[in-house]
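Working notes, structure below.
The values are calculated or read from the model by the stated rules, or taken from the named source; none is laboratory data. Just so it is clear, the model here is predicted, and its values are computed rather than measured. Here the Cβ positions follow ideal geometry from the backbone for every residue, glycine too, while neighbour counts run over all protein chains shown. Protein only, heavy atoms only, side chains kept; ligands, DNA and RNA dropped before computing areas. Shrake-Rupley method; radii C 1.70, N 1.55, O 1.52, S 1.80 Å.
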Amino acid sequence: MNTAALSGALFKEGEACGACFELRCVDDPQWLGHPTLHVTATDHCPPNPSLPNDNGGWCNPPLEHFDIAHPAFGQLAEEKSGIIPVEYRRVPCQKRGGIRFTILGNPWFIQVIVTNVAGAGDVKSVMVKGDKVPWTRMERDWGETWKTGVHELVGESLTFRVKTTDGRSCTAWHVAPKDWQFGQTYEGKKNFRM
């Protein structure tokens, strides 16, 4: 549950999805809860231009804002706090298990949501390969959702190569078997090392 929706200044049109941050309260001792909180960026906090930046328009540009999931917020400050001042920094993502690939779409349009990425956390590129289909670059659809129109991948075992923003690559060989199904999640054997 340690997730956060980021304002546009931080989310960068989905490119920062999966990145991890350490937050801590600052400036006023009344907000101090636990010393720090680690969150993973999972969504965009939309702007509200009809409200002022300091009264409801917290995610308006150019503000840097973390909209933290309720259970996680209580780890950082008292629940009565609402909006609190924080300092933040990027930190490596610590995940358990392998990188996960959720396959969505239909036989003519395949989407893959890439999650549980350790290290940098935010994915720069994804490639997919079938048994007969050569390496094919996927396009970012939104956040960590990637897409391709290569329908010949249906019925082939799928291998994915994930490249993160720090330039490292990890390949999940034959992570989805030939009989993979839309809506299923497949977990690779490897992840990025810390």
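Select, from Asn60, Asn53, the only residue that is polar (S, T, N, Q), assigned to a loop (DSSP other than H, G, I, E, B) and touching a Pro at 6+ places or on another chain (Cβ under 7 Å). Asn60 is the lone residue from the list that is polar (S, T, N, Q), assigned to a loop (DSSP other than H, G, I, E, B) and touching a Pro at 6+ places or on another chain (Cβ under 7 Å).
A quick yes/no check of all residues on (1) of a type in the set (Val, Ile, Thr); (2) outside any loop (DSSP other than H, G, I, E, B); (3) open to solvent by 40 Å² or more (accessible area, probe 1.4 Å); (4) in contact (Cβ under 8 Å) with a residue 60 or more places away in the chain:
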| position | (1), (2), (3), (4) |
| --- | --- |
| Pro47 | no, no, yes, no |
| Pro71 | no, yes, yes, yes |
| Glu87 | no, yes, yes, yes |
| Met127 | no, yes, yes, no |
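Of the set (1) modelled with pLDDT under 90; (2) crowded, with 18+ Cβ neighbours inside 10 Å; (3) not small (Gly, Ala, Ser), all apply to Asp54 but (2). Say whether the condition of being in a loop (DSSP other than H, G, I, E, B) and modelled with pLDDT of 90 or more is met by at least one residue in segment 19-38. Within segment 19-38, one or more residues are in a loop (DSSP other than H, G, I, E, B) and modelled with pLDDT of 90 or more.
The single residue among Gly105, Gly97 that is at positive phi and in contact with a Phe, Trp or Tyr (Cβ under 9 Å, 6 or more places away or on another chain) turns out to be Gly105. Here Val117 passes the criteria (1) of a type in the set (Val, Ile, Thr); (2) open to solvent by less than 30 Å² (accessible area, probe 1.4 Å); (3) not in a loop (DSSP other than H, G, I, E, B) except the one numbered (3). Once segment 73-85 is narrowed to residues that are in contact (Cβ under 8 Å) with a residue 40 or more places away in the chain and of a type outside the set (D, E, K, R), the residue that is surrounded by the fewest Cβ atoms within 10 Å (Cβ to Cβ) is Pro85.
Do you know which of the residues in segment 89-113 that are more than 17 Å from the chain's Cα centre (by Cα) and in a loop (DSSP other than H, G, I, E, B) is surrounded by the fewest Cβ atoms within 10 Å (Cβ to Cβ)? Looking at the filtered set, the residue picked out is Trp108.
Quick check, is Gly155 free of Cβ contacts under 8 Å to residues at least 40 places away in the same chain, out of contact with any Gly (no Cβ under 7 Å at 6 or more places or on another chain), at positive phi and open to solvent by less than 70 Å² (accessible area, probe 1.4 Å)? The answer is yes for Gly155.
Based on what the data block shows, is Thr136 polar (S, T, N, Q) and buried (at least 20 other Cβ atoms within 10 Å of the Cβ)? Full working, then the answer.
Numbers: polar (S, T, N, Q): yes; buried (at least 20 other Cβ atoms within 10 Å of the Cβ): no.
When the stated conditions are applied, Thr136 does not pass them.
Consider Lys178 carefully, then state whether it is touching a helix residue (DSSP H, G or I) at 6+ places or on another chain (Cβ under 8 Å), over 30 Å from Gly56 (Cα atoms), modelled with pLDDT of 95 or more and open to solvent by 50 Å² or more (accessible area, probe 1.4 Å). So Lys178 fails the test.
Going by the structure shown, is Gly155 small (Gly, Ala, Ser) and over 22 Å from the mean Cα position of the chain (by Cα)?
On the way: small (Gly, Ala, Ser): yes; over 22 Å from the mean Cα position of the chain (by Cα): yes.
Taking the combined requirement at face value, the residue satisfies it.
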